[in-house]
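Asker: The structure under discussion is supplied below as structure tokens; questions concerning it will follow.
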Amino acid sequence: MSNDAFDERYELRTIAPALDEQGAPTAETTAWMRAVNLGFHETDATPEHAARAVGEFAADDQTWLGAYVRHPLPGSVDETWPAGTFAWFRKALSWGDGSSIDTQAISAVTVRPTERRRGILRAMMTRALEQGVAEGYAMASLTASEGTIYRRFGFGSAIRERAVRVRRARALPLLAPTSGMVTVVTPEWLEAGPAREVFARFDACTPGSMVRNTGTWPVALGLRGYDGEPAKDVRAAVHRPSGVDEVDGYVTWRVKEGHGRDDDTVLEIVDLVYATDDAYLSLWEFLLSIDLNDVVRYSRSRLDDPIVAALGDNRAYDVEHEEDHVWLRVLDVARVLESRPYAVDGSLTLAVSDAMGFAAGTYRLDVVDGRGSVTRIAHTPDGDADGAADVRLDVADLGAVLIGSVSPTTLAAAGLIQADDPTAVTRLRAMLLPERTPHGITYF
Ligand SMILES: CC(C)(COP(=O)(O)OP(=O)(O)OC[C@H]1O[C@@H](n2cnc3c(N)ncnc32)[C@H](O)[C@@H]1OP(=O)(O)O)[C@@H](O)C(=O)NCCC(=O)NCCS
């Protein structure tokens with residue numbers, strides 16, 4: 001569809017989620033939310049839950065974008081609902097050394113089935129990223145419902161996640177002793193007490209962690225379900241180091257009973273947040289020691305999870321599923337590379353291609369004492385006056401390697417990163433190596 005034809009058919013408009021004077025979502029807000037629910041096959045919320053959700057979206061300072069059909073057919077929802085929805089808000093991404101970078105976190109991307117493949121997503125993404133740059137963002141982020149949508153817009157899959165099952169019968173004892181104390185608490189106590197403090201400590205020391213949405217907390221802590229109704233089946237426990245009052249980890253979980261001989265009873269981890277490795281292992285050990293279930297299931301396991309090495313029998317651990325989690329999109333190469341820490345010093349010239357133009361260029365990265373400084377040599381990827389750059393890559397692959405979870409050598413082997421001298425790729429890998437294993441436990 002040409003730009004003119006697109007503009008003739010649709011109007012792109014930003015709105016802010018809002019409540020009216022009676023505390024109910026405005027008609028425009030309700031219409032936008034119902035369009036999102038249609039796109040994601042979700043049920044519409046009750047007026048009470050919708051009002052609370054709008055309060056949470058407003059607390060996160062979300063900007064909503066809608067693609068509205070200019071000439072709707074009579075009776076169709078197009079008269080009031082947007083045919084395309086898109087949201088963004090500020091979300092910090094941790095580098096794991098106590099520093100972070102704000103990202104333009106993108107969410108609620110849907111296009112009505114009757115209007116798909118007419119360029120609505122492309123138009124919304126272009127508008128949003130342009131506005132994001134104007135708002136000062138150096139990077140955008142998202143989590144995707146499908147793996148094939150976002151690379152074309154410069155996003156690279158930077159962190160993966162695993163759904164895993166650990167069979168209790170063979171798991172304990174752990175190979176190394178844990179320490180400290182685990183005690184059972186109520187989700188209400190967790191919410192009033194240490195949950196956010198533990199998360200803040202986890203976030204500060206974990207590369208790839210992202211600040212959570214306001215509305216995530218009650219669900220993570222087991223106070224309510226995604227449908228807004230009270231969750232009555234979630235339990236909670238905390239870990240403290242020996243002789244210390246301060247909590248350094250917590251877990252929430254529910255048990256789903258199996259029926260019949262071949263149907264496992266499964267303890268499902270709802271949220272597991274740890275400020276120390278010992279808290280992580282101790283809470284796993286505790287979960288694996290709970291009777292009357294067969295399997296502990298965790299859908300947010302990181303790659304290279306230390307629990308595999310810690311288990312009495314590593315074969316108790318099974319990977320059910322693995323997929324992309326957080327995708328990153330660099331908008332300003334210099335600011336992003338200057339914001340993160342580096343494991344080793346060195347210099348590299350990077351030629352970055354970007355079909356959308358934001359990040360295209362040739363950049364010199366000089367790292368001294370673990371901090372980088374970046375000079376943009378040219379505004380095109382082939383602008384290095386001295387000849388070929390050390391490393392040539394698309395902006396999506398720059399986003400993929402940024403956290404240090406995806407290795408540049410892997411992407412070179414996949415044909416996505418080019419270098420005349422392969423040691424340039426290993427140098428980049430060494431520079432980007434994070435101090436701790438990246439782990440993302442935030443969804444948006
Ligand atoms: C995915 C979705 C948003 C795409 O919207 P759309 O308006 O049809 O997309 P566009 O017409 O703007 O297409 C943009 C580009 O993406 C491609 N594309 C769109 N959807 C795709 C998909 N599901 N898989 C692979 N490519 C896709 C198009 O081919 C097009 O490519 P091009 O610009 O390089 O030619 C829409 O199909 C949808 O709402 N799906 C259900 C909800 C969903 O999955 N949302 C994503 C949440 S993360």
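Asker: Filter the stretch 94-115 down to the residues that are among the polar types (S, T, N, Q) and closer than 30 Å to residue 76 by Cα, then identify the one that is farthest from the ligand (Cβ to nearest atom).
Answerer: Keep residues of the stretch 94-115 that are among the polar types (S, T, N, Q), which gives 94, 99-100, 103-104, 107, 110, 114.
With closer than 30 Å to residue 76 by Cα added as a condition, the list becomes 107, 110, 114.
Numbers: 107: 8, 110: 4, 114: 11 Å.
The residue in question is 114.
Asker: Another question, then. Tell me yes or no: at least one residue of the stretch 140-163 is over 21 Å from the mean Cα position of the chain (by Cα), charged (D, E, K, R) and either assigned to a loop (DSSP other than H, G, I, E, B) or surrounded by fewer than 17 Cβ atoms within 10 Å (Cβ to Cβ) (or both). If you could, list the steps in order and put the result at the bottom.
Answerer: Here is the first cut: in the stretch 140-163, the ones over 21 Å from the mean Cα position of the chain (by Cα) are none.
No, there is no match, as no residue in the stretch 140-163 is over 21 Å from the mean Cα position of the chain (by Cα), charged (D, E, K, R) and either assigned to a loop (DSSP other than H, G, I, E, B) or surrounded by fewer than 17 Cβ atoms within 10 Å (Cβ to Cβ) (or both).
Asker: (1) at negative phi; (2) out of contact with any strand residue (DSSP E or B) (no Cβ under 6 Å at 6 or more places or on another chain): which one isn't true of residue 266, the others all being true?
Answerer: Failed condition: (2).
Asker: Okay, moving on. Pick out the one residue from 303, 331 that is out of contact with any Cys (no Cβ under 9 Å at 6 or more places or on another chain), modelled with pLDDT under 95 and surrounded by 15 or more Cβ atoms within 10 Å (Cβ to Cβ).
Answerer: Values: 331 fails: modelled with pLDDT under 95.
Exactly one residue qualifies, and that residue is 303.
Asker: Can you pull out every residue in the stretch 39-74 that is surrounded by fewer than 16 Cβ atoms within 10 Å (Cβ to Cβ) and within 24 Å of residue 7 (Cα to Cα)?
Answerer: 70, 71, 72, 73, 74
Asker: Take the residues in the stretch 116-136 that are within 15 Å of the ligand (Cβ to nearest atom) and crowded, with 20+ Cβ neighbours inside 10 Å; name whichever of them is farthest from residue 83 (Cα to Cα). Give the derivation first.
Answerer: To start, the set of residues in the stretch 116-136 that are within 15 Å of the ligand (Cβ to nearest atom) comprises 116-129.
Those still in the list that are crowded, with 20+ Cβ neighbours inside 10 Å too: 119-121, 123-125, 128-129.
Values: 119: 12, 120: 8, 121: 10, 123: 12, 124: 11, 125: 14, 128: 16, 129: 19 Å.
Per the stated criteria, the residue is 129.
Asker: Another question about this same structure. For residues that are away from the ligand (no atom under 16 Å from the Cβ) and either acidic (Asp, Glu) or buried (at least 20 other Cβ atoms within 10 Å of the Cβ) (or both), tally how many sit in the stretch 75-86. Give the derivation first.
Answerer: We begin by selecting, within the stretch 75-86, every residue away from the ligand (no atom under 16 Å from the Cβ); these are 75-76, 79-80.
The next check asks that each one be either acidic (Asp, Glu) or buried (at least 20 other Cβ atoms within 10 Å of the Cβ) (or both); those that pass are 79.
The number of residues fulfilling the criteria is 1.
Asker: Please enumerate the residues belonging to the stretch 1-53 that are among the charged types (D, E, K, R), part of a helix (DSSP H, G or I) and within 29 Å of the chain's Cα centre (by Cα).
Answerer: Just the residues of the stretch 1-53 that are among the charged types (D, E, K, R), to begin with: 4, 7-9, 11, 13, 20-21, 28, 34, 42, 44, 48, 52.
Checking the rest, the ones that are also part of a helix (DSSP H, G or I) come to 4, 7-9, 28, 34, 48, 52.
Those that are among the charged types (D, E, K, R), part of a helix (DSSP H, G or I) and within 29 Å of the chain's Cα centre (by Cα): 28, 34, 48, 52.
Asker: Just for the stretch 70-100: of the residues that are of a type in the set (A, V, I, L, M, F, W, C) and outside any loop (DSSP other than H, G, I, E, B), which one is farthest from residue 205 (Cα to Cα)?
Answerer: Initial filter on the stretch 70-100 (of a type in the set (A, V, I, L, M, F, W, C)): 73, 77, 81, 83, 86-89, 92-93, 95.
Next, only the ones that are outside any loop (DSSP other than H, G, I, E, B) stay: 77, 86-89, 92-93.
Working: 77: 47, 86: 31, 87: 28, 88: 25, 89: 23, 92: 13, 93: 11 Å.
Checked the stretch 70-100; the qualifying residue farthest from residue 205 (Cα to Cα) is 77.
Asker: Report whether or not residue 251 is in a strand (DSSP E or B) and in contact with a Ser or Thr (Cβ under 9 Å, 6 or more places away or on another chain).
Answerer: Values: in a strand (DSSP E or B): yes; in contact with a Ser or Thr (Cβ under 9 Å, 6 or more places away or on another chain): no.
No.
Asker: Out of the stretch 141-155, which residues are within 18 Å of residue 442 (Cα to Cα) and among the aliphatic types (A, V, I, L, M)?
Answerer: Matches in the stretch 141-155: 142, 144.
Asker: Further question: Give the residue that is nearest to the ligand (Cβ to nearest atom), with candidates limited to residues of the stretch 143-158 that are out of contact with any Ser or Thr (no Cβ under 7 Å at 6 or more places or on another chain) and closer than 25 Å to residue 342 by Cα.
Answerer: Of all residues in the stretch 143-158, those out of contact with any Ser or Thr (no Cβ under 7 Å at 6 or more places or on another chain) come to 143-157.
Those still in the list that are closer than 25 Å to residue 342 by Cα too: 154-157.
Values: 154: 12, 155: 10, 156: 15, 157: 13 Å.
Filtering first and then ranking leaves 155.
Asker: Which condition number does residue 89 fail, the rest of (1) more than 16 Å from the ligand (Cβ to nearest atom); (2) surrounded by 13 or more Cβ atoms within 10 Å (Cβ to Cβ) being met?
Answerer: Among (1) more than 16 Å from the ligand (Cβ to nearest atom); (2) surrounded by 13 or more Cβ atoms within 10 Å (Cβ to Cβ), residue 89 violates only (1).
The values are calculated or read from the model by the stated rules, or taken from the named source; none is laboratory data. Note that this is a predicted model, so its numbers are computed, not measured. A quick note on method: Cβ atoms are made from the backbone with ideal geometry, for glycine too, and the neighbour counts reach across all protein chains shown.
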